[in-house]
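Notes follow once the structure below has been shown.
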Amino acid sequence: MPHVDRILPGKDTLRLLLTTDNHVGYNELDPIVGDDSWKTFEEIMLLAKDRDVDMVLQSGDLFHVNKPTKKSMYHVMRILRSNCYGEKPIEFELLSDPSLCLDNRGFNYPNYEDPNINVSVPFFAISGNHDDATGDDNLSPLDVLSVSGLMNYFGRVVDNDNINVKPLLFQKGRTKLALYGMSNIRDERMFKTFRDGRVTFSTPGIQTDSWFNLMCVHQNHVQHGARTAYLPENFLPTFLDLVVWGHEHDCIPYPVPNPETGFDTLQPGSSVATSLSNGETLEKNVFILNIKGKDYSLEKIPLKTVRPFVMKDISLTQLGLNPNSRNKKEVLDFMIDEINGLIEEAQKSWLDKQAENSSSVDDSEVDTPLPLVRLRVEYSGGFEVENPRRFSNRFVGKVANVNDIVIFHRKKEHTTGATRTKPNLKNGEEHLELDELNISKLVDTFVDDNQLNLLNKKDVGSVVKAFVEKDDKAALKTFIDEELSKDLKLLMGLSHGEHIEDESISQKKSFNKILKDIKKEKSQALMSKICTDSIKHIPESLPERPAFLRSITGPDRDSEDAQPKLTNRKISPSVTKKRVSKPSIQSIVSSESEILSEELDDFIDDDIDEDMDINSNSESDIDDFIDVPPPKKTRQTRAKAKTAPIAKPRATPKPKTKPKPKPKPKPKTAKPKETGETLGSLIGNLSRR
């Protein structure tokens, strides 16, 4: 797989044009830069046609969004049809089964084998993180282009947790090419899948050493944020010869060997600037890959239609001016001169590029496009600066980004842990770039503050990002339905004692814990509700409390209310002569606890071993307040506590008539309160007042 300087075209040479991250449709509503993306893509396809390549290989993010507008789709379809169709014969053949790699819902073969169309330059592409597949049918805009016969969408990942990468096998003369593709997956999940060994690569079954193994990926090449948010090169198999790496926008115009894995890596970079950062200031290129046997060569082709972009960093403290208001005009004049210098530099670089490269587009376009200019100004020390937008509006008609030419920032102060507080902002002068605002960070911050038991935290962030940034209205519903379906299936398996796979043991334990926590919370809420109903009408004034407590324990023996009219019941002498003591609050609480336990038995499963008794710490204080000795806790005492105390009858009852039993009072429905106190402790606290 050695890289050589040059390989001449011939019957044994496969020629591929390599491009990535075209982002057609980026900022297309802008009146100045709205057409930049599709114009550059058209230049790339004209190069493929003029340079007589065998195929075009695109490594992701052909579109800027996964729901491109009609304008974006129209231009891409027009460009592909104009440059990929023709009478030129295909000089290579496909040796493998295309249905294993091309899943086009009924068209499981490359478009150049379709007898109804005549393709001269086949276009092969994988999907990136911007134009990935979403929705109920898991469709990408590349599926639309593929089913229309304009391109070949390969490298689709069906199962993110078990990935099997299969190659397309081509042969031209004596040169054999095994083309692997893997569309974008969320970097953290990709890292975990590779780390767990659940990614497999199929290889040709014959003459394995004679194949040139080429792979396209679209992942973070280096670690940008999280520790696992990238794809390390050493995760990829060592039998590969060259890896074309998409997603990274800065162009590295030469192959980088990896001594650990033995393959080379090429990072073509994007064809349009989607952010005003240092990586986008590098020259934009496409490459022609020539393969002959196991050798390959690269030909770099700079793009002419790319809008010029220059960027510079300055510090006002290096000007030798005192940071006060009297120098504000001098600072302003200095920055204006810097911007004018950057504009001239951008125009000169664009004209030089037009003169150096051969023409492949319309030469009538001689007007220099308005450049993208970014000036980063560090103004620490107390300098007074102008509003960024007001300053940028001075250059309307001279630059393309008229609203954000200049960015003011202060040098970060080194603080200790004790003094680290909020950032030092002064009158809102600190300016935050819009590119730094990321919906994923906001979602992750919100999810971290809220414990999620049934939904995966990382998946929630990616789904919300798809809903917001990609306008996938069905993303949330689909995700929640799938997750609840999995949880329900697991719950049914647990309830029926079905066999659970080894990898689901931890999931089973966590799910059991979740169920117990839910039941515990509901039981506590029910207990709080009953206790709240019982003490809802406790009077606050001290003189009224004895009457209230008597209403709970029963009336006095000599009171008028204690003489019910029991005219229909015969009372035996032994009963009428016996002195009946009043039941204590302790017996009432114990009785309510017994009733509550019966109600909770129907609500809570037998597998939750929780103590549901209501214990009172203030029962003795309440009994002293009422001056009634507490009875023993026996089943007979509890039974007596459930009925009203018996008093002397006023008149002789009728012998043959029985009184109707009074229905048990139902507890009133009230809103549960978040309280851990019991009925006895609450009444005890009131008594101590």
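Can you order the peptides 18-26, 252-260 by their average number of other Cβ atoms within 10 Å per residue, highest first?
Those peptides, ordered most packed to least, come out 18-26, 252-260.
Please give the length that would be gained between Ser315 and Ile480 if that part of the chain were fully extended, namely 0.36 nm times their separation in residues minus their C-alpha to C-alpha distance (nm, one decimal). Write down the numbers at each step before the final one.
On the way: separation 165, 0.36 × 165 = 59.40 nm, distance 5.02 nm.
Once the chain is fully extended between Ser315 and Ile480, it gains 54.4 nm.
Take Ser380 and Arg51, extend 7 Å from each Cα along the Cα→Cβ direction, and tell me the distance between the two endpoints in nm.
Using points 7 Å along Cα→Cβ, the separation is 4.5 nm.
According to the square roots a ≥ b ≥ c of the eigenvalues of the Cα gyration tensor, what is the shape class of the stretch 232-321, taking rounded for a/c under 1.5, prolate for a/b larger than b/c otherwise, and oblate for the remainder?
Details: a/c = 3.15, a/b = 1.90, b/c = 1.66.
Note, shape of the stretch 232-321 comes out prolate.
Give a quick list of trypsin sites (Lys or Arg not before Pro) in the stretch 144-250 that DSSP marks as loop, anything other than H, G, I, E or B, with at most 16 other Cβ atoms within 10 Å. Let's see the in-between values first.
Details: sites: Arg156, Lys172, Arg174, Lys176, Arg186, Arg189, Lys192, Arg195, Arg198, Arg227; in loops: Arg156, Arg174, Arg186, Arg198, Arg227.
Within the stretch 144-250, the qualifying trypsin sites (Lys or Arg not before Pro) (loop, at most 16 other Cβ atoms within 10 Å) are Arg174, Arg198, Arg227.
Mind sorting Lys411, Lys292, Lys67 by how few other Cβ atoms lie within 10 Å of their own Cβ, fewest first?
Details: Lys411 11, Lys292 21, Lys67 16.
In order of increasing Cβ crowding within 10 Å: Lys411, Lys67, Lys292.
Taking the Cα atoms of the stretch 14-302, what is the range of coordinates along each of the three principal axes, in descending order and whole Å?
Dimensions of the stretch 14-302 along the principal axes of its Cα atoms: 52, 48, 41 Å.
How about the stretch 20-97: which GluC sites (Glu not before Pro) there are in a DSSP loop, with at most 11 other Cβ atoms within 10 Å of their Cβ?
Loop-located and lightly packed - Glu87.
When the Karplus curve 6.51 cos²θ - 1.76 cosθ + 1.60 is applied with θ = phi - 60°, which whole-Hz ³J(HN,Hα) does each residue of the stretch 242-253 get, with x for Gly and Pro?
8, 10, 8, 9, x, 5, 7, 8, 7, 8, 10, x
Determine ³J(HN,Hα), in whole Hz, for all residues of the stretch 309-322 in sequence, where each value follows from phi through the Karplus function 6.51 cos²θ - 1.76 cosθ + 1.60 and θ = phi - 60°; x replaces Gly and Pro.
For the stretch 309-322, the Karplus-derived couplings read 9, 10, 8, 8, 10, 10, 10, 5, 5, 8, 7, x, 9, 7 Hz, x marking Gly and Pro.
Which of Trp38, Trp350 comes first, and how do the rest follow, when ranked by fewest Cβ neighbours within 10 Å?
Working: Trp38 23, Trp350 16.
Fewest-to-most ranking of Trp38, Trp350: Trp350, Trp38.
With a ≥ b ≥ c taken as the square roots of the eigenvalues of the C-alpha gyration tensor of the stretch 113-190, please select rounded if a/c is under 1.5 and otherwise prolate if a/b is larger than b/c or oblate if it is not?
Values: a/c = 2.64, a/b = 1.34, b/c = 1.97.
The shape class here is oblate.
When you count, for each residue, the other Cβ atoms within 10 Å and take the mean per peptide, how do 126-132, 377-383 rank with the highest first?
Values: 126-132: 25.7, 377-383: 16.7.
Taking the mean over residues of other Cβ atoms within 10 Å, the ranking is 126-132, 377-383.
Please list the equivalent ellipsoid semi-axes of the stretch 177-304, computed as the square roots of five times the alpha-carbon gyration tensor eigenvalues, in descending order and whole angstrom.
Values: eigenvalues 121, 93, 23 Å².
Its equivalent ellipsoid spans semi-axes of 25, 22, 11 Å.
For the pair Thr281 and Asn393, how long in nm is the line joining their label points, each one 7 Å along Cα→Cβ?
Each label point lies 7 Å from its Cα, and together they span 2.8 nm.
With each pseudo-label sitting 7 Å past Cα toward Cβ, what's the Thr238-Asp5 distance in nm, one decimal?
3.2
Throughout, read-outs are computed from the coordinates displayed, never taken from laboratory work. All values derive from a computational prediction rather than experimental measurement. Methodologically, a virtual Cβ is constructed for each residue, glycine included, from the backbone with ideal geometry; neighbour enumeration extends over all protein chains shown.
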